[in-house]
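Heads up: the structure comes next, in structure tokens.
The values are calculated or read from the model by the stated rules, or taken from the named source; none is laboratory data. Since this is a predicted model, take the numbers as computed values, not measurements. Note that we place each Cβ from the backbone using ideal geometry, even for glycine, and neighbour counts take in every protein chain shown.
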């Protein structure tokens, strides 16, 4: 039987479906339960090797979950990565049908990542974190606006709204902590035992980096977008840089790392050693972020304590 690779171009209302080999006709379904049922019925009649779709601001989440619950080997990729692949293949034109077909080709060449099973508790924790992030942005925007006005009424309204948002953010912090415990009590306990890992960072790692503790240190750094990539050609040896990965995880890790640089003597020494070698502050903190994530991964994977992890100066 022919093994098919499937590309799904997801929009708010529709899902375009492409196949490789292309002897199976492309078609379109609605981006709702009825469309998912039709798509799954079709895919279950075929030998499907891999299904690939892009992240589209959340419009793909319900479909991704439905396909995973059906047991299909489905992955979500960054749209930039998919577009770069299309350009590398010489495909400049862009339509939903073309994108679906290119995603099918990308599915063929795509390297499998660790498969993460659907989890309702993890999804709910992720939604709480996103809601908190949105409220924090609104609060910070109001604080900036309040500094830019002299109108007493505006200042009073901003003050009241900021106080309301602060209350909501604090309440969500407790809910996130509780949701993290519900999702994985042991992992949450071990992560929180590390000074500098608070409830929000702990929840972020559990919700958006579920592979933590199950893969190699190099892989976990790459998933978070903290792996350094070479930039060498011939005799030229350019500076290494990071790219891609999960920015939400990277943001939370950044905040925790700065806290640890200030309050954890070991991390502070590692950071200062890098600065003493002439590394820029941002380069040094990224190296410490990578080191932190690798150590957390090893701690969860091996069942060891934080202080039991051997300390080595992180490579920049």
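Quick notes on this structure:
- Scope the range 204-219; condition in a loop (DSSP other than H, G, I, E, B) and more than 13 Å from residue 250 (Cα to Cα); matching residues: 210, 211, 212, 213, 214, 215, 216
- Here is the figure for the range 251-284: residues that are surrounded by fewer than 20 Cβ atoms within 10 Å (Cβ to Cβ) and under 17 Å from residue 224 (Cβ atoms) total 6.
- Test: residue in the range 269-280 that is within 18 Å of residue 197 (Cβ to Cβ), modelled with pLDDT of 90 or more and not assigned by TED's automatic domain parsing to the domain that holds residue 131: yes
- Of the residues 105, 97, 143, 187, the single one that is in a helix (DSSP H, G or I), without any contact (Cβ under 8 Å) to a residue 60 or more places away in the chain and at negative phi is 143.
- Failed item in (1) surrounded by 11 or more Cβ atoms within 10 Å (Cβ to Cβ); (2) modelled with pLDDT under 80, with residue 213 passing the rest: (2)
- Failed item in (1) surrounded by 19 or more Cβ atoms within 10 Å (Cβ to Cβ); (2) over 21 Å from the mean Cα position of the chain (by Cα); (3) under 27 Å from residue 66 (Cβ atoms), with residue 204 passing the rest: (2)
- Restricting 17, 51, 6, 77 to those that are modelled with pLDDT of 90 or more and within 24 Å of residue 126 (Cα to Cα) reduces the list to 51.
- Matching residues, the range 83-113, being surrounded by 14 or more Cβ atoms within 10 Å (Cβ to Cβ), under 30 Å from residue 204 (Cα atoms) and out of contact with any helix residue (DSSP H, G or I) (no Cβ under 7 Å at 6 or more places or on another chain): 83, 107, 110, 113
- Yes/no for residue 65 being assigned by TED's automatic domain parsing to the domain that holds residue 18 and closer than 29 Å to residue 173 by Cβ: yes
- Among residues that are outside the structural domain of residue 257 (by TED's automatic domain parsing), in contact (Cβ under 8 Å) with a residue 24 or more places away in the chain, closer than 23 Å to residue 299 by Cβ and surrounded by fewer than 20 Cβ atoms within 10 Å (Cβ to Cβ), residue 198 is included.
- Only listed residue being out of contact with any strand residue (DSSP E or B) (no Cβ under 8 Å at 6 or more places or on another chain) and modelled with pLDDT of 90 or more, chosen from 315, 298: 298
- Enumeration of residues in the range 69-82 that are surrounded by 19 or more Cβ atoms within 10 Å (Cβ to Cβ) and either part of a helix (DSSP H, G or I) or not assigned by TED's automatic domain parsing to the domain that holds residue 100 (or both): 82
- If you check 116, 136 for being surrounded by 14 or more Cβ atoms within 10 Å (Cβ to Cβ) and under 30 Å from residue 213 (Cβ atoms), only one passes: 136.
- With respect to the conditions (1) under 22 Å from residue 12 (Cβ atoms); (2) at pLDDT 85 or above; (3) in the same structural domain as residue 16 (by TED's automatic domain parsing), residue 85 falls short on a single one, namely (1).
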